[in-house]
Amino acid sequence: MKRIGLVGGISWTSTVDYYRYINEGVNEQLGGLNFAECIIYSVNFDDFQRFNAAYDWDSTFELLVSAAENLKKAGAEAIVLCANTAHIVSDRIAERVNLPLIDITTAVADAINKVNLKKVGLLGTTYTMELDFYKDKLIANGIEPLIPESQEDRDYIEDALRNELGRGVLNPETKKKYLAIVQQLIDRGAEGIILGCTEIPLLIHQEDIAVPVFDTTMIHAEAAVAFAVAADK
């Protein structure tokens, strides 16, 4: 089994799910008392948020690449960045660390293509929704991304991620608003919905939405499991 290095803390609430999903996935694949060999480096979420808010991607890169380098020193054989937004600098990190980096955008695009959807709604941080790093990967894989049209709605999603979900706070009113935004995307033709921030699956689930939901935390964890156990099957 290969040893996975998790760059977590972005935020800790979703890192908990990564750890659980990866261990459950390894056990499902290998059985018995087999569980994941993994190492977690949890960064300070406040640093991550401050650098992102300033669009200071060099500082975001230095924060995350330092964590990845320490994971490599500790014996990690692949890196998992436990946040969608972190993938703004994923290519730079992979090049510096010189380890396989299990990319969330690739894993999500593969999952969407497996069910032959061509137009999907994308919820996430303002960076994930508004910048091109995520949408371009989807488009390159034949998938048309739709984001909420209203700046007010995008700002609402971001604010709740930062001040509620990132702290483990689950507010029923926030869920109601998120689902209203999702419905607007469906009304515009979205055939599925990407929960494109690893905190959103804490609040929104498949049973809440009539079209397929893509839980990026679970999808990314499954890709990490596949990498880890490939040589053991």
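The values are calculated or read from the model by the stated rules, or taken from the named source; none is laboratory data. What you see is a predicted model; the values in this text were computed from it and never measured. Neighbour counts are summed over all protein chains in view; Cβ atoms, including those assigned to glycine, are modelled from backbone coordinates with ideal geometry. What goes into the accessible areas is simple: the full protein's heavy atoms, side chains included, and nothing from ligands, DNA or RNA. Shrake-Rupley method; radii C 1.70, N 1.55, O 1.52, S 1.80 Å.
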Solvent-accessible area, 1.4 Å probe, carbon plus sulfur percent, for the chain: 49
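If R0 is 22 Å, what FRET efficiency do you get for A74 and A54 from their C-beta distance, rounded to 0.05?
Numbers: r = 30 Å, r/R0 = 1.36.
For R0 = 22 Å, the calculated efficiency reads 0.15.
Could you give the length gained by full extension between L33 and V115, i.e. 0.36 nm per residue of separation minus their alpha carbon distance, to one decimal place?
So the chain would gain 26.3 nm between L33 and V115.
Could you work out the helix-only [θ] at 222 nm for the chain, with each DSSP H run of four or more residues adding -39,500 (n - 2.57) and the total divided by the number of residues, to the nearest 500 deg cm²/dmol?
Dividing the helical sum by the residues of the chain leaves -16000 deg cm²/dmol.
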Distance from the stretch 97-117 to the stretch 1-66 (C-alpha centre basis), Å: 16
Area accessible to solvent at Y41, 1.4 Å probe radius, in Å²: 90
Cβ-Cβ FRET estimate between N171 and A140, R0 fixed at 35 Å, reported to 0.05: 0.45
Over the stretch 1-129, equivalent-ellipsoid semi-axes from the Cα gyration tensor in Å: 23, 21, 14
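Using +1 on the beta carbon of Lys and Arg, -1 on that of Asp and Glu, and nothing else charged, what's the dipole of the chain about the Cα centre, debye to 20?
460
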Rg/Rg_ref, the chain, where Rg_ref = 2.2 N^0.38 Å and atoms are Cα: 0.97
Largest to smallest principal axis extent of the C-alpha atoms in the stretch 105-215, angstrom: 35, 28, 24
Angle between the chain longest axis and helix 104-114 axis [Cα atoms, degrees, rounded to 10]: 70
Accessible surface, the stretch 105-215, averaged per residue in Å² (probe 1.4 Å): 44
Pairwise centroid distance, computed over Cα atoms, of the stretch 121-136 with the stretch 187-233, Å: 15
Chymotrypsin sites (Phe, Trp or Tyr not before Pro) within the stretch 160-233: DSSP coil, no more than 14 neighbouring Cβ in 10 Å: none
